[in-house]
Every structure is written in C-alpha cells, then in structure tokens.
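S.K.: Take a look at the following structure, please.
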Amino acid sequence: MTAEPVRSGANARRDFYERIATLSMTPLWESMHQLVPPAPAPKYGPAHWDYAQVRPYLMESGALITAKEAIRRVLILENPALKGTACATPTLYAGLQLILPGEIAPSHRHTQSALRFIVEGEGAYTAVDGERTIMREGDFVITPSWTWHDHGNESSKPMVWLDGLDIPIVAMFNASFAENGAQDEQVITRPQGDSDARYAAGLLPVDHKVARQASPIFNYPYARTREALARMAAAGAPDPCHGHKLRYVNPATGGAPIPTMGTFMQLLPKGFATAPYRSTDGTVVSVVEGEGETTIGKEVIAWKKRDHFIVPSWMTVTHKASSEAVLFSFSDRPIQERLDLWREDRGGK
Ligand code: 1HN
C-alpha cells in the first residue's frame with residue numbers, strides 16, 4: 001500500500017477548525033469514532049438501591065411534605081453516572097413514590113407514559129381516565145400517554161411503588177405537554193374492574209378498534225402473573241439466560257402495554273445461575289421476591305426483596321438466586337425493536 005500524503009500539520013488543522021466554527025461547522029473526522037462506536041459504549045454504569053437504606057428516607061419524606069403539596073412525593077432513583085439528569089438510564093426515569101393513609105395525589109395528565117410497580121403496601125387506588133383500580137404488592141399498573149390520573153390511599157398503611165416513565169425519550173423529541181385537572185380527583189365514569197372484564201380475560205369487545213398503542217388493560221395483577229410463572233416453572237426447564245421469563249402484553253396489539261417501555265417478570269429457581277447474557281436495552285430491575293446476586297461486568301450486586309438495580313446496555317449480566325426469586329424489570333426494548341436496533345448476545349446459549 002502506498003502511504004497517503006499528509007496534507008497539512010496539526011496547527012493548520014486547528015486553525016481551520018477555529019475558522020469553520022464561526023459558521024457553526026465542525027470536522028466529522030475528529031469525532032467519527034465517538035459518534036459511531038463499533039459496539040455500544042454506555043456512558044453510565046450499574047447502580048443499586050438497597051431498600052433497607054432507602055426506606056427510612058422515603059418515610060422521612062412523608063413527614064417533610066404532603067403528597068398533595070408535592071403533587072407526587074417521589075425520591076428519584078438517579079443513576080450516579082447521570083447526576084443532575086433525573087435519569088436511571090439515558091432513556092428511562094425511575095423513582096419511588098410514597099402515599100400515606102388518607103392522602104391523595106391530584107389529577108393531572110402528560111404525554112410521558114408511566115408505569116407503577118407496587119413495592120410495598122396494599123389498598124391504595126389509582127384512577128386512569130375514569131376508572132379506579134386498587135393496587136397490591138407486585139401489581140403492574142400503567143398510565144398511558146395523555147390519560148388523566150390521580151392516586152389515593154384509603155388503606156391504613158403507607159404505599160410505596162416504583163414509577164417508571166419515558167421522560168428522557170419524550171424530552172429528546174421535545175414532545176412534552178402536561179396539564180392539571182380541574183379537581184384533585186377525577187370524575188369516575190366506569191365501575192372498578194371494567195377494563196379487566198373487557199380486555200383481560202383472553203377476550204376483546206367484538207368491535208374493538210386499536211386506537212392507540214397503549215394497552216386497554218391498566219392493572220396486571222401480581223396474583224395472575226405469579227401463578228403463570230409458577231405453572232411455567234413446574235412445566236419445564238428454565239431458559240439458561242433468563243430462568244422463567246415472561247413479557248407483559250397489550251392483548252389488542254401483541255405489543256408491549258406501554259409503547260416506549262417493555263415490562264417483564266422472571267422467576268429464578270432456588271440455586272439457579274443464569275448464563276452470561278447482554279442486550280442493547282438498558283434495564284431497571286425491582287426485586288419482588290427472594291434473594292440473590294447479579295454480576296454486571298465486574299460489579300457484583302447482592303439483592304433482596306424490594307431492592308432496585310440498573311443493568312446498562314450491552315453489559316454482560318448473570319444472576320444467581322440463593323432462594324427462589326422473582327424479578328420485575330422494564331427497559332426501552334420496544335422502541336429499539338421498532339427501530340430495528342435491538343440486539344442480544346446469548347453467549348452461544
Ligand atoms: C407522575 O405524574 C407520577 O402520576 C409519578 O404518579 C412520577 C415523575 C415525573 C413527572 C410526572 C404519577 C412522575 C410523574
């Protein structure tokens with residue numbers, strides 16, 4: 001091969017860059033490797049929130065401000081590598097919300113989609129577009145984009161849930177709209193259980209038309225999810241990388257219940273160790289049952305019930321369950337799949 005002639009030295013180039021900067025131009029050849037890395041190079045790492053450490057602060061926040069004054073009394077789970085961004089991963093927001101007995105979180109709506117995953121307590125409700133649902137530990141509840149929602153706790157105990165929102169994604173598109181309701185509590189127009197009856201029994205109303213991507217089911221109760229996992233585990237061997245893993249589904253489309261965020265539940269049998277796995281979707285995990293250890297790259301996270309942790313994009317992950325364990329997780333996988341971006345590496349398994 002003949003050597004390429006060098007056209008000019010470093011000083012001449014620097015001078016050139018300064019002159020084109022006056023026209024808001026910059027040379028691609030100086031940044032191309034960073035712009036198009038040969039494999040994902042996430043600028044964030046794993047993170048872990050131990051519920052035993054977090055819970056006292058959550059309860060302290062309950063004495064500091066009411067749910068009504070706060071609008072939403074939430075401690076954001078901010079990835080330490082993304083300080084100041086309120087992000088758990090570059091595309092996902094996560095937070096732990098506390099609502100005390102007798103409190104309400106007033107009605108509002110926004111274009112960001114939200115999920116709730118109930119971490120502690122039982123008996124608070126959320127209302128979404130005219131229907132209430134009572135929430136229990138392990139339930140997965142959705143608030144689709146632009147739907148009115150308010151919460152209230154009519155039980156005698158504090159309720160804590162994980163909020164997952166697509167805030168960074170909506171921000172990237174500059175597509176945020178939000179408004180407050182006229183009243184704190186929205187008008188209820190449908191009986192409790194109505195959407196469950198119409199959409200969650202393996203049936204759909206005969207003339208149902210898909211009007212939006214989000215699921216018409218808004219509470220996926222843990223009792224059903226747990227039974228499905230138990231029966232699946234009794235019926236066959238676990239997947240080497242996932243254990244027994246299911247994804248939540250919008251029955252009208254077959255897609256994810258929330259178009260921007262995929263949601264998953266997996267059971268790891270006692271003593272089970274997963275094979276190394278990685279995928280391009282950064283993931284937030286909530287421990288529902290059991291104890292174990294997750295290795296992400298070189299970091300080892302020892303977790304138990306109600307802990308939360310982050311698995312970054314394309315980092316190799318293995319789980320080991322010391323007792324039978326159940327993990328809820330959410331990620332940006334559905335968007336990546338729609339854009340033909342999502343990849344996984346099962347390490348040959
Ligand atoms: C929100 O509306 C809720 O409705 C929770 O419970 C967390 C974080 C940012 C913006 C809106 C809720 C939120 C949020």
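The values are calculated or read from the model by the stated rules, or taken from the named source; none is laboratory data. The structure presented is a predicted model; accordingly, all values stated were derived computationally and were not measured. Positions of Cβ are generated from backbone atoms using ideal geometry, with glycine treated the same way; all protein chains shown enter the neighbour counts. Ligands, DNA and RNA are excluded from the accessible area calculation, which covers all protein heavy atoms including side chains. Shrake-Rupley method; radii C 1.70, N 1.55, O 1.52, S 1.80 Å.
S.K.: At 25 °C and a viscosity of 0.890 mPa s, what translational diffusion coefficient does Stokes-Einstein give for segment 36-157, taking Rh as the Kirkwood radius over Cα pairs? Give it in µm²/s as a whole number.
M.R.: 155 µm²/s
S.K.: Mind listing the phi-derived Karplus ³J(HN,Hα) values for segment 283-289, rounded to whole Hz, using 6.51, -1.76 and 1.60 with θ = phi - 60°, and x for any glycine or proline?
M.R.: Computed from phi, the couplings for segment 283-289 are 10, 9, 10, 10, 7, 8, 8 Hz.
S.K.: Give me the percent relative contact order of segment 214-344, please, defined on Cα pairs under 8 angstrom at least 6 residues apart.
M.R.: So the answer I get is 27 percent.
S.K.: While we're on this one: Given just the C-alpha atoms of segment 210-249, how large is their convex hull per residue in cubic angstrom?
M.R.: Convex hull of Cα atoms, per residue: 88 Å³.
S.K.: In nm, to one decimal, how far is the residue 212 label point from the residue 60 one, both placed 7 Å along Cα→Cβ?
M.R.: Taking the two extended label points, one gets 3.8 nm.
S.K.: So how compact is segment 133-223: Cα radius of gyration and Dmax in angstrom?
M.R.: Just the Cα atoms of segment 133-223 yield Rg and Dmax of 15.2, 41 Å.
S.K.: Calculate, in whole percent, how much of the Cα-Cα pair population of segment 290-329 lies beyond 17 Å.
M.R.: The proportion of pairs with Cα distances above 17 Å equals 23 percent.
S.K.: How far is helix 10-21 tilted off the main Cα axis of the chain, in degrees rounded to 10, range 0 to 90?
M.R.: 50 degrees
S.K.: Here's something else I'd like to know. Hey, rough spin-label estimate for residue 246 and residue 29, points 7 angstrom out along Cα→Cβ, what's it come to in nanometres?
M.R.: 5.7 nm
S.K.: When only alpha-carbon atoms are used, what values of Rg and Dmax, in angstrom, describe segment 245-349?
M.R.: 13.7, 41
S.K.: As a test of the formula, what do you get for the chain when each DSSP H run with n ≥ 4 contributes -39,500 (n - 2.57) and the sum is divided by the residue count, at 222 nm and rounded to the nearest 500 deg cm²/dmol?
M.R.: Taken over the chain, the calculation gives -5000 deg cm²/dmol.
S.K.: Sorted by mean Cβ packing within 10 Å, highest first, what order do the peptides 135-147, 248-260 take?
M.R.: Packing proxy ranking, top to bottom: 135-147, 248-260.
S.K.: Any chance you could check the Cα centroid distance between segment 106-149 and segment 183-214 for me, in angstrom?
M.R.: 14 Å
S.K.: Rounded to the nearest percent, how much of the accessible area of segment 65-155 (1.4 Å probe, protein heavy atoms only) is carbon and sulfur?
M.R.: 56 percent
S.K.: Continuing with this model, one more query. Return the single residue from 57, 220, 199 with maximal mean-square fluctuation; model: Gaussian network over the chain, springs between Cα atoms under 10 Å.
M.R.: Among 57, 220, 199, the largest mean-square fluctuation in the Gaussian network model of the chain belongs to 57.
S.K.: On to the next question. Per the Kirkwood treatment, what hydrodynamic radius in Å, one decimal, follows for segment 189-228 from the mean inverse distance over all distinct Cα pairs?
M.R.: One over the average 1/r among Cα pairs gives 11.5 Å for segment 189-228.
S.K.: If you average 1/r over every pair of different alpha-carbon atoms in segment 1-88 and take one over that average, what Kirkwood value in Å do you get?
M.R.: Every distinct Cα pair counted, the radius reaches 18.7 Å.
S.K.: Which order do the peptides 207-213, 167-173, 323-329 take when ranked by the mean count of other beta-carbon atoms within 10 Å per residue, highest first?
M.R.: 323-329, 167-173, 207-213
S.K.: Once you've got the GNM for the chain with C-alpha springs shorter than 10 Å, pick whichever of 35, 162, 100 has the biggest mean-square fluctuation.
M.R.: Highest fluctuation of the listed residues: 35.
S.K.: I'd like the FRET efficiency for residue 339 and residue 70, computed as 1/(1 + (r/R0)^6) with the beta carbon distance as r and R0 of 51 Å, rounded to 0.05.
M.R.: The formula returns an efficiency of 0.90 here.
S.K.: Follow-up question, since we're still on this one. When only Cα pairs under 8 Å and 6 or more residues apart are kept, what is the percent relative contact order across the chain?
M.R.: Value for the chain: 15 percent.
S.K.: Roughly how compact is the chain, stated as its Cα Rg over 2.2 N^0.38 Å to two decimals?
M.R.: Against the compact-globule rule of thumb, the ratio is 1.12.
S.K.: Here is a further query. Please list, ordered by chain and number, the residues whose modelled amide H lies under 5 Å from the amide H of residue 305; skip anything fewer than 5 residues away on the same chain.
M.R.: 290
S.K.: Let me have the relative contact order for segment 42-106, percent, based on Cα pairs under 8 Å that are six or more residues apart.
M.R.: 35 percent
S.K.: Oh, and also: Averaged per residue, what accessible area in Å² does the chain show with a 1.4 Å probe, protein chains only?
M.R.: Spelled out: the 1.4 Å probe surface of the chain, per residue, equals 52 Å².
S.K.: Need the full-extension length gain, residue 183 to residue 227, defined as separation in residues times 0.36 nm minus the C-alpha distance. One decimal, nm.
M.R.: Difference between extended and current length: 12.0 nm.
S.K.: GNM, the chain, Cα, under 10 Å: largest mean-square fluctuation among 15, 332, 50?
M.R.: 15
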